[in-house]
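Some notes on the structure that comes next.
Read-outs throughout are calculated quantities, based only on the coordinates presented, and are distinct from any laboratory measurement. Not measured: the values here are computed from a predicted model. Don't worry about glycine lacking a Cβ; one is built from the backbone with ideal geometry, like all the others, and counts go over all protein chains shown.
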């Protein structure tokens, strides 16, 4: 029999989950209505449904009391941080030094997190896994002071990595609670699923918003597929198709991980369907590195976990998603990645210590080269971009931060047939797929993708710790204790 405290907690968890997923659903409905009518009508519908969801959720449990408590702040901060990265269509209303209205949710999330830290500062210590990322924050501050001491450069460099480091720590603390990490994974999948549905519809309906990466992105006239398909899927995030392809990877693997747990026929079937749709959305972004990362990740996940009855089904889902499109003809095109790597290497060789400054690889206003003979586009590789802007040490610290997080998510020797073992392995595969594409795109510098990467990593560490992974346990400690 449940105690009164346990019953209250379950009611509260139900209220929080209802609020979160209800608000996601309200957003989705608002977006669809906006597509069919106008932005004003869609926004009104979305806000109205959001208010209704909030009122209903509060009636289910002590939601308002929970929101007002300090225990709620980490969850509220991470949720707002995650949702803030998915603001549909960039508002692009500059406030100060490059900050815009789009950044308000993220800054609000940081504020909530800081309030929680202020209330628990005596009980918090830095987890080992976050040390390299905080070292990167410190180094970007040094290079900022030496190269480009402007507010814009401070926000783009130190500000960016400080926020990711801060939320990584909050995630590691928060996701120790089983209910919260599952809720986060569900929210992550739900957001991506909405994007996938929008992108698939836009791809087949030939729908896009002129002048922005919303709906689909047209192929250039000289590309072979320009006369074959309508364009490349971008969802409504306002990011290019290459980045959208990277965005769907981690949620796709999270859904596949849940399917592999085979907790019930209904869950397995629904999660395989979600995995298939997310895979198809990634394929119709026509990003070669996305599909390469996807295939390598799926192979690795199936080899490690060995879910033999599921292997033919998973392989069929991926194969159908690829074969159903003219995607393979993309490999007939050339690419400029090798030349971009050479250009970045040249920039690094000229500025090996401090780099050219955060956000200064290209002119921040015109997007043109910052010096005679410099590249016209970024290196399309996050590690090279970081080394170019903050020196070799900056690039190495980013690499160290990523490897430390991957080690924690992998967890070390553990049973990968358990639910927790399957989930940490699936998240590891998704993060690995993103890193494969990161060698061809600047994914760790793209907010929606980077947000997923660091927060999903925190959840992966929590799953690995739950599965008794020794690496995860050592790397995630010390973090937080309510004991004096």
Zero-based 10 Å bins, Cα pair distances in segment 127-484, whole percents: 6, 24, 32, 26, 11, 1, 0
So how do 450-463, 255-268, 323-336 stack up, highest first, on mean other-Cβ count within 10 Å? 450-463, 255-268, 323-336
Listed with the fewest Cβ neighbours within 10 Å leading, 144, 207 appear as 207, 144
Going by average Cβ neighbours within 10 Å, how do the peptides 295-306, 151-162 rank, with the highest at the top? 151-162, 295-306
Burial order of peptide ranges 275-284, 353-362, 229-238 (average beta-carbon count within 10 Å, highest first): 275-284, 229-238, 353-362
Can you sort 212, 382 so the residue with the fewest Cβ neighbours within 10 Å comes first? 212, 382
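With N set to the residue count of segment 420-482, report its C-alpha Rg divided by 2.2 N^0.38 Å to two decimal places.
After normalising by residue count via 2.2 N^0.38 Å, the value is 1.23.
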